[in-house]
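Here's the structure we're looking at; comments come further down.
The values are calculated or read from the model by the stated rules, or taken from the named source; none is laboratory data. On a predicted model such as this, the values are computed, not experimentally measured, just so you know. So basically every Cβ, Gly included, is an ideal-geometry build from the backbone, and we count neighbours across all protein chains shown. These accessible areas exclude ligands, DNA and RNA; they are computed on the full protein's heavy atoms, side chains included. Shrake-Rupley method; radii C 1.70, N 1.55, O 1.52, S 1.80 Å.
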Amino acid sequence: MELLERDAPLRELEAAWKQAAAGEGRVALVSGEAGIGKTALVERFTRDHRDTARVLWSACDALFTPRPLGPLHDIAAQIQGDLLARLNSDASRAMIFSTVLVELQRTATIVVIEDIHWADEATLDLIKFLGRRLQRTRALLIATFRDDELGLQHPLRFVLGDLATSTATRRFSLAPLSLEAVRALVGRRAFDPEALHRRTGGNPFFIGEVIASGASGIPPTVRDAVLARAARLSASAGAVLEAAAVIGLRIEPWLLADVTGAEAQAADECLAAGMLLAQGELVAFRHELARQTILDTIAPHRRMVLNQLVLHALRSSPATRSDLARLAHHAQASGDREAVLELAPAAARQAASASAHREAAALYALALRFANDLPPADHAQLLEAYAGECVSIDQREEGLEAQKKALELWRQLGVPLKQGQSLANIAWSLNGLGKTAAALEASRQAIEILEAQPPSRELARAYRMQAGLENLCQNYRAGIEWAQKAIALAELFEDQSTVLSAHIAVGAAWLVLDYEHGRQYLERNLRAARHAGQEHLAALIYTNLSCVSSEVYQFQYAERYLMEGMAHAAEHGLEIFHLYMLAWQALTHLRLGRWNEAAGAAGAVLGRPGVSVTSRITALAALGYLRTRRGDPNAHVVLKEALDLSKEIESLHRIGLVRAARAEAAWQAGDRDQTLQEARAVYDLAVSKQHPWFTGELAFWRWRAGDEVRLPEWTARPFALHIAGDWRAAAEEWKRLGCPYEQARALADGDAAAQIAALEIFERLGALPAADALRQKMRTAGVRAPRKPRASTRENPFGLTHRQVEILRLLTEDLSNAEIAARLHLSPKTIGHRLTISGCCQALP
């Protein structure tokens with residue numbers, strides 16, 4: 001079909017290629033709905049450059065679960081060499097990615113990765129990796145995806161956001177064809193162009209299929225259009241097409257020949273009919289919709305037989321026998337239980353080693369569907385592996401259920417060491433679900449069972465788990481004692497992973513007891529974890545460093561650790577840590593006055609289904625604070641949910657945060673009784689745990705509501721100063737910490753000059769309720785408050801009026817104040833005054 005209305009994107013690709021060929025690599029992201037012509041566009045472009053560039057085609061497939069680094073397998077088969085060897089070995093992902101980059105530095109190359117909306121996590125990380133480094137190559141990476149299939153939480157959205165910050169990225173979306181284009185395609189055929197355009201929405205694939213079917217009218221669905229074309233094939237060609245549909249969107253010719261035998265020669269008929277097309281060394285369907293349509297028409301028993309043939313051929317070939325996820329997909333589709341139980345766990349381990357933990361969990365889940373008749377010990381180990389991957393991707397409910405089933409199997413078998421290990425793991429999942437008492441009970445049972453046995457590495461790990469739970473309950477001295485017991489026992493068994501993990505628990509406790517000592521302690525452990533390749537433990541260290549730093553208002557460190565830690569967790573597919581840090585990043589943004597960023601981070605956590613209760617509570621509290629300060633009437637909704645979720649939690653990290661946020665909301669609503677109730681609810685707990693910041697914040701709200709408060713000497717200094725009446729020193733402390741809202745709150749209790757300064761901060765932040773309350777307070781005291789800023793001024797990111805913006809624009813034309821005054825019909829004095837009050841006179845020469 002003729003390629004119409006695609007001149008602009010072709011020019012975009014051409015420009016990107018010229019820059020890439022000159023040594024400044026580029027990434028081109030081509031998006032659009034299914035059937036919009038992404039593949040046709042890229043095929044046209046690459047066809048024009050096959051004589052001047054190496055073209056490497058690859059794709060992501062819609063398998064049961066995406067095969068880790070599937071596109072790299074496609075590329076490796078085309079270039080052979082080191083990349084293929086790395087993929088078929090136990091090479092680390094960093095080594096594989098580096099090999100790809102080296103390969104792209106060899107010669108001018110166009111790399112095509114189609115359908116990245118189906119990509120596994122490892123492939124998405126590869127795209128991010130290349131996106132940051134491609135500028136040093138002579139390569140153009142073209143990635144296509146369906147933008148109409150990306151939900152708000154689709155993993156690809158995070159990658160697109162990351163790539164958007166790179167100057168090497170070019171992105172464009174293909175639009176549907178116009179009515180004029182449809183008329184051109186129809187020509188003199190017996191079709192009504194307007195009706196065809198209306199029914200297909202201008203989708204080129206739909207239009208092409210309808211026209212190719214030769215039907216007198218428009219078929220009711222694309223399915224009918226595809227089948228109308230397929231019906232013209234011979235029986236042999238139809239059999240080949242069915243086999244191709246079972247193999248996938250892109251088909252190796254040798255594999256198609258192996259599966260179809262003597263009928264393989266009929267593949268040429270499929271190509272001639274346009275059902276399949278040649279794509280480099282592969283054969284491909286024009287569109288996934290066409291393949292799925294054919295696949296759906298195959299009788300179930302024949303589809304099973306074809307999958308068996310494909311599985312056998314893939315396992316027999318050295319080129320594909322290591323592509324375990326693909327093998328597992330066809331094993332499942334062929335109903336081969338033994339093959340699934342052999343291949344799916346191996347593929348899951350392969351996926352996990354590539355940090356594709358979501359795919360690993362899906363593959364373990366596939367194996368578990370066939371595992372009921374396994375020996376109990378094998379079944380239990382499979383459940384534990386699945387539970388571990390669920391924890392990595394923050395799906396704790398599913399992981400907990402799997403771990404409970406494993407525990408029951410170990411009990412039936414009478415294996416106390418495995419029972420204790422399962423109970424310790426259950427304790428960790430329960431804690432993440434906000435069930436502190438149940439977690440502590442499971443941990444107690446684990447230790448009781450394991451201490452009745454000879455010393456073991458399982459007992460060392462149970463001690464380590466108890467240390468973590470004690471820390472989360474702010475029993476830091478007890479946490480250190482349990483961790484030291486774990487270290488001593490783990491060292492006897494040379495269990496370095498548990499030794500390092502227990503040291504992390506010690507460092508996390510010291511981080512609160514003596515921040516600088518704890519920070520340096522964890523920094524040393526971070527280096528050790530990275531050196532040992534313990535990326536999971538490195539992510540845990542980053543989590544402790546970043547979140548505790550934020551909790552104790554050490555924001556200069558919190559921001560650094562959050563940035564590094566979230567990047568590390570994302571790179572290694574550890575969603576549990578990424579989401580936890582993202583929630584604390586929301587709170588950090590809030591404290592530092594970056595309220596829009598706070599809303600975005602909190603929304604990203606709350607929009608993720610199945611996120612841990614602990615992460616959700618932190619994000620809800622951050623959003624509750626923000627809505628309260630902005631005057632959003634829905635603040636109480638999120639704060640109620642946060643309180644409901646925290647009812648079974650004994651950790652001050654969560655309940656202290658929620659109660660403090662609710663106390664602030666009650667105060668702003670004018671409800672002193674509710675303010676006291678919220679602030680008193682956990683005040684004694686905060687004091688008993690000697691937490692200076694929660695003690696200070698809760699005491700502040702008790703004091704505001706008229707309660708008499710006797711502060712411990714270790715109370716956080718800015719709160720203590722404010723309560724003592726030294727608003728000026730409190731404001732300075734908040735300014736030093738970088739907390740503008742709290743600074744303004746202290747200034748609002750000062751003299752007239754301080755109140756005017758507070759008003760400016762409140763209005764700049766968008767804290768309208770606090771600004772309005774302060775104006776009323778100033779008017780009551782007889783202090784003249786500045787006028788409220790106009791709506792246009794609030795909307796300007798620099799707080800400027802439309803007139804001030806106009807003056808600045810004229811200044812860029814090198815006009816003097818007198819010339820600007822004449823242009824705007826104002827006096828030169830007025831021009832100077834407007835620049836002065838906007839602060840522009842200090843910024844301009």
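Determine which member of the set 325, 331 is farther than 30 Å from residue 434 by Cα, in a helix (DSSP H, G or I), at pLDDT below 95 and small (Gly, Ala, Ser).
Exactly one residue qualifies, and that residue is 325.
Which residue out of 163, 185, 241, 255 is under 30 Å from residue 27 (Cβ atoms), hydrophobic (A, V, I, L, M, F, W, C) and not in a strand (DSSP E or B)?
163
It is to be established whether one or more residues within the stretch 413-425 are in a loop (DSSP other than H, G, I, E, B), open to solvent by less than 10 Å² (accessible area, probe 1.4 Å) and in contact (Cβ under 8 Å) with a residue 24 or more places away in the chain.
no
Hey, could you check the stretch 683-728 for residues that are of a type in the set (Phe, Trp, Tyr) and open to solvent by 30 Å² or more (accessible area, probe 1.4 Å) and say which is farthest from residue 752 (Cα to Cα)?
714
Considering the stretch 262-306 alone, what residues qualify as being in a helix (DSSP H, G or I), touching a Gly at 6+ places or on another chain (Cβ under 8 Å) and either free of Cβ contacts under 8 Å to residues at least 12 places away in the same chain or within 24 Å of residue 149 (Cβ to Cβ) (or both)?
289, 291
Taking the condition more than 24 Å from residue 392 (Cβ to Cβ) and in contact with a strand residue (DSSP E or B) (Cβ under 8 Å, 6 or more places away or on another chain), does residue 106 pass?
For residue 106, the condition - more than 24 Å from residue 392 (Cβ to Cβ) and in contact with a strand residue (DSSP E or B) (Cβ under 8 Å, 6 or more places away or on another chain) - is not met.
In the stretch 592-603, which residue that is touching a residue at least 24 places away in the same chain (Cβ under 8 Å) and part of a helix (DSSP H, G or I) is farthest from the chain's Cα centre (by Cα)?
Checking each candidate, the answer is 595.
Can you pull out the residues in the stretch 312-322 that are part of a helix (DSSP H, G or I) and farther than 15 Å from residue 61 by Cβ?
312, 313, 315, 316
Any residue at all in the stretch 115-132 that's modelled with pLDDT under 95, closer than 13 Å to residue 26 by Cβ, surrounded by 23 or more Cβ atoms within 10 Å (Cβ to Cβ) and of a type in the set (Ser, Thr, Tyr)?
There is no residue in the stretch 115-132 that is modelled with pLDDT under 95, closer than 13 Å to residue 26 by Cβ, surrounded by 23 or more Cβ atoms within 10 Å (Cβ to Cβ) and of a type in the set (Ser, Thr, Tyr).
Only one residue in 503, 536 is modelled with pLDDT of 95 or more and not in a loop (DSSP other than H, G, I, E, B). Which one?
Exactly one residue qualifies, and that residue is 503.
Scanning the stretch 645-664 for residues that are of a type in the set (Asp, Glu) and outside any helix (DSSP H, G or I), which turns out surrounded by the fewest Cβ atoms within 10 Å (Cβ to Cβ)?
648
In the stretch 59-103, which residue that is touching an Asp or Glu at 6+ places or on another chain (Cβ under 7 Å) and over 24 Å from residue 30 (Cα atoms) is most open to solvent (accessible area, probe 1.4 Å)?
79
Pull up the stretch 442-473, narrow it to residues that are outside any helix (DSSP H, G or I) and farther than 18 Å from residue 490 by Cβ, then point me to the one that is most open to solvent (accessible area, probe 1.4 Å).
452
Among the residues of the stretch 139-159 satisfying the criterion of being touching a residue at least 60 places away in the same chain (Cβ under 8 Å) and surrounded by 22 or more Cβ atoms within 10 Å (Cβ to Cβ), which is nearest to residue 104 (Cα to Cα)?
Checking each candidate, the answer is 139.
I'm trying to understand the selection: among the residues of the stretch 59-97, which are in a helix (DSSP H, G or I) and of a type in the set (Val, Ile, Thr)?
Listed by number, the residues that qualify are 75, 79, 96.
Among the listed residues 591, 608, 629, 616, identify the single one that is open to solvent by 30 Å² or more (accessible area, probe 1.4 Å), within 29 Å of residue 744 (Cα to Cα) and charged (D, E, K, R).
Within the list 591, 608, 629, 616, the selection yields 616.
Condition first: touching a residue at least 12 places away in the same chain (Cβ under 8 Å) and open to solvent by 10 Å² or more (accessible area, probe 1.4 Å). Now tell me which residues in the stretch 509-522 satisfy that.
Matches in the stretch 509-522: 510, 512, 513, 515, 519, 521.
Across the stretch 27-72, what is the total count of residues that are farther than 16 Å from residue 283 by Cα and under 27 Å from the mean Cα position of the chain (by Cα)?
So the answer is 19.
Would you mind telling me which numbered condition in (1) at pLDDT below 90; (2) open to solvent by less than 30 Å² (accessible area, probe 1.4 Å) residue 33 fails?
(2)
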